Amino acid sequence: MSEQVDQSKRNMLFGAAGLLGGVAALAAAVPFVGSMLPAADTLAASKTEFDVGTVESGQLVVIQWQGKPVFVVNRTKELLAQIDGHDEMLKDPESREIEAVSAAWMTDENRKYRAIKPEYLVVVASCTHLGCIPMYKATKGRKDWGDSVPEDWPGGWHCPCHGSLYDISARVINDSPAPHNLHLMPYKYTGETSVVIG
């Protein structure tokens with residue numbers, strides 16, 4: 001006895017099974033894709049607000065941004081004067097070598113300051129050699145720092161791990177193991193002294 005197979009029923013069953021399989025695959029993929037999205041606390045940490053006006057004149061503070069330490073320095077007129085006169089000592093005096101050391105807001109006038117407002121420097125506090133945190137040694141010469149800095153020290157940062165040196169604008173000094181200036185991060189002023197980083 002020969003049975004006739006109903007092709008239309010068979011096609012409908014294949015179609016229904018395929019549709020249910022597709023829905024099941026999509027239902028399984030949604031939580032998987034959702035787990036790859038950043039968590040709410042991560043998104044909140046992507047921006048840091050800080051009032052640079054709370055940093056006293058001549059003082060450096062360290063804040064956090066995306067888990068990284070950030071130097072915020074309120075530079076005095078004397079410290080700003082230390083920026084000039086030693087470009088020949090610097091690997092990248094105009095901060096043009098890589099994108100991480102430059103910023104869209106930089107102009108020829110403020111490039112040497114590496115800051116939107118010259119008195120407030122905001123840079124990532126990790127040495128570009130191996131990521132150590134450099135020590136702030138703002139005064140010129142060896143009087144306060146001894147042999148840890150060169151005789152013609154212009155003031156700035158010294159990384160004690162491997163000897164990298166940066167000037168008061170966080171520009172790397174020649175013969176330092178660090179390849180680049182300290183990195184800048186995106187930031188903007190939302191008020192006279194209020195800054196949003198990120």
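The values are calculated or read from the model by the stated rules, or taken from the named source; none is laboratory data. No experiment lies behind these values; they were computed from the predicted model shown. Every residue, glycine among them, receives a Cβ derived from its backbone with ideal geometry; neighbour counts consider all protein chains shown.
Can you tell me how many residues within the range 167-178 are more than 17 Å from the chain's Cα centre (by Cα) and under 10 Å from residue 128 (Cβ atoms)? Lay out the reasoning, then the answer.
Let us first name the residues in the range 167-178 that are more than 17 Å from the chain's Cα centre (by Cα), namely 167-168, 173-177.
Right, trim to under 10 Å from residue 128 (Cβ atoms) and you get 176-177.
Counting residues in the range 167-178 that are more than 17 Å from the chain's Cα centre (by Cα) and under 10 Å from residue 128 (Cβ atoms) gives 2.
Go through the residues of the range 35-47 one by one and say whether even a single one is in a strand (DSSP E or B) and aliphatic (A, V, I, L, M). Talk me through it step by step, then tell me what you get.
So the first thing to find is which residues in the range 35-47 are in a strand (DSSP E or B), and the list is none.
Checking the range 35-47: not a single residue is in a strand (DSSP E or B) and aliphatic (A, V, I, L, M).
Name the pairs whose Cβ atoms lie under 9 Å apart, with the first residue in the range 71-92 and assigned by TED's automatic domain parsing to the domain that holds residue 139 and surrounded by 18 or more Cβ atoms within 10 Å (Cβ to Cβ), the second of a type in the set (Ser, Thr, Tyr) and assigned to a strand (DSSP E or B), and 6 or more positions between them or separate chains? Going by the 9 Å Cβ cut-off, the qualifying pairs are 71/136; 72/120; 73/120; 73/136; 74/120; 75/120.
When 112, 137, 143 are checked against the criterion of being out of contact with any strand residue (DSSP E or B) (no Cβ under 8 Å at 6 or more places or on another chain), buried (at least 17 other Cβ atoms within 10 Å of the Cβ) and within 21 Å of residue 89 (Cα to Cα), a single residue qualifies: 112. Looking at the range 54-71, is at least one residue assigned to a loop (DSSP other than H, G, I, E, B), of a type in the set (A, V, I, L, M) and under 20 Å from residue 134 (Cα atoms)? Yes; the residues of the range 54-71 include at least one that is assigned to a loop (DSSP other than H, G, I, E, B), of a type in the set (A, V, I, L, M) and under 20 Å from residue 134 (Cα atoms).
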